[in-house]
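See below for the structure under consideration.
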Amino acid sequence: MRMSLSLWLCLIVSTPVFAQSIQNSAVPRMTPQPGEARRGLQSGQPGLAFQNEEIFPHLAIGGVWSTQMTFLNLGSQEAVFPLRFTKPNGDPWLVAPDGVNAGDNFTITIPADSSFTLNLPSRGSVIETGWADIRQPTGNTIGAHLIFTDSTPGRTTFEAVVPLSSFEEFDFLLPFDNTNFNNTCIALANPSSSTQTTVTIDFRDEAGVLLTDTTRVLNPFEQQAFCLVNEFPQLNARRGVAIVVGSNSLLSPLGLRFLPGGAFTSFFPMSVPLPE
């Protein structure tokens, strides 16, 4: 049975963890770190847990869904950086990648001009969602993307790519298109370790006419994901733009559009230019 879009994005549940031993300790490599260490990193940005932080605002594991992350070292020196996983409610998210002991916080080591791929397979029928972030090493030398995969039996496998996002996309426009039975979904992650953010969203049609609006409060480390047709019936069969403004500079968004046959794609915010 196919899981509904709203359940895929919003369901917060736990699954059994299948911890595995590290199969290959040669670099590139990833090692779990103690969970308590994840909250102790500080930076020059108030409330931001990781310096030079970049975000994957949404990922899903379980059921027909799996996620693959690929990291590239673009620099001339070995790169070592942390990767952590967080549940939508802000709690640490224990994940079980292939070939690595389960954890919520990992250290990744990649030699120069090399890459590392992390597979997060489905390990049961229960779907888990959340978000992830890394701290860039000196020189911001890590490039990365993740791939969502929907492997529903009996039909074509669908995938969508999501690159790393900025932690400060707090004033942006996001197009939506719910015509032809499509459904646009939005994920918002608050990467701050201490600061709540209030997000206002105006939904306007192609002529700029306001259709509806909403206000959402995201606590520290909280993520919210929602599908427009499910939550705002007045946006059904409509096309336009979501104008999103956060109350502070810490916010990371992602857009996803689902077609009736199961295909889907990701799209990204268009930031409002800052005045010169």
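The values are calculated or read from the model by the stated rules, or taken from the named source; none is laboratory data. Computed from a prediction, not measured in an experiment: that's the story for all the values here. Note that each Cβ is placed from the backbone with ideal geometry, even for glycine, and that neighbours are counted across all protein chains shown.
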Taking the range 92-124, which residues are over 15 Å from Q68 (Cα atoms), in contact (Cβ under 8 Å) with a residue 60 or more places away in the chain and charged (D, E, K, R)? D104
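Out of L164, L146, report the one residue that is at pLDDT below 90, among the aliphatic types (A, V, I, L, M) and in contact with a Phe, Trp or Tyr (Cβ under 8 Å, 6 or more places away or on another chain).
Numbers: L146 fails: at pLDDT below 90.
Matching residue, one of L164, L146: L164.
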Among (1) surrounded by 21 or more Cβ atoms within 10 Å (Cβ to Cβ); (2) out of contact with any helix residue (DSSP H, G or I) (no Cβ under 9 Å at 6 or more places or on another chain); (3) farther than 16 Å from E53 by Cα, where does A112 come up short? (1)
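From the residues in the range 176-195 that are more than 26 Å from P121 (Cα to Cα) and at pLDDT 95 or above, which one is surrounded by the most Cβ atoms within 10 Å (Cβ to Cβ)? Please lay out each step first, then the result.
First, pick out the residues of the range 176-195 that are more than 26 Å from P121 (Cα to Cα): 176-182, 192-195.
Subset that is at pLDDT 95 or above: 176-182.
Numbers: F176: 25, D177: 16, N178: 20, T179: 10, N180: 9, F181: 12, N182: 19.
By that ranking, first place goes to F176.
Among the strands (runs of 3 or more DSSP E) contained in the range 118-210, which hold 3 or more residues that are polar (S, T, N, Q) and not assigned by TED's automatic domain parsing to the domain that holds F56?
Numbers: elements: 128-135, 142-150, 158-163, 171-177, 183-189, 197-205.
Fully inside the range 118-210 and qualifying: 197-205.
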Give the residues of the range 33-83 that are at pLDDT 90 or above and among the aromatic types (F, W, Y), sorted by residue number. F56, W65, F71, F81
Could you say which residue among G63, G139 is on the phi > 0 side of the Ramachandran plot, buried (at least 22 other Cβ atoms within 10 Å of the Cβ) and over 17 Å from the mean Cα position of the chain (by Cα)? G63
Report yes if N89 is farther than 20 Å from A187 by Cα and not assigned by TED's automatic domain parsing to the domain that holds P253, otherwise no. no
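I'd like the full set of residues that are of a type in the set (D, E), under 16 Å from the mean Cα position of the chain (by Cα) and surrounded by fewer than 17 Cβ atoms within 10 Å (Cβ to Cβ), limited to the range 86-105. Talk me through it step by step, then tell me what you get.
Initially, the range 86-105 is screened for residues of a type in the set (D, E), giving 91, 98, 104.
In the following step, the residues that additionally are under 16 Å from the mean Cα position of the chain (by Cα) were identified as 91, 104.
Passing the criteria: only D91.
Answer with yes or no whether F203 is among the hydrophobic types (A, V, I, L, M, F, W, C), modelled with pLDDT under 90 and surrounded by 15 or more Cβ atoms within 10 Å (Cβ to Cβ).
Working: among the hydrophobic types (A, V, I, L, M, F, W, C): yes; modelled with pLDDT under 90: no; surrounded by 15 or more Cβ atoms within 10 Å (Cβ to Cβ): yes.
No; evaluated as a whole, the condition is false for this residue.
Restricting the search to the range 211-239, which residues are outside any helix (DSSP H, G or I), within 25 Å of N190 (Cβ to Cβ) and out of contact with any Gly (no Cβ under 7 Å at 6 or more places or on another chain)?
Keep residues of the range 211-239 that are outside any helix (DSSP H, G or I), which gives 211-227, 232, 236-239.
Adding the requirement that they be within 25 Å of N190 (Cβ to Cβ) leaves 212-227, 232.
Answer for the range 211-239, where residues must be outside any helix (DSSP H, G or I), within 25 Å of N190 (Cβ to Cβ) and out of contact with any Gly (no Cβ under 7 Å at 6 or more places or on another chain): T212, D213, T214, T215, R216, V217, L218, Q224, A225, F226, C227, F232.
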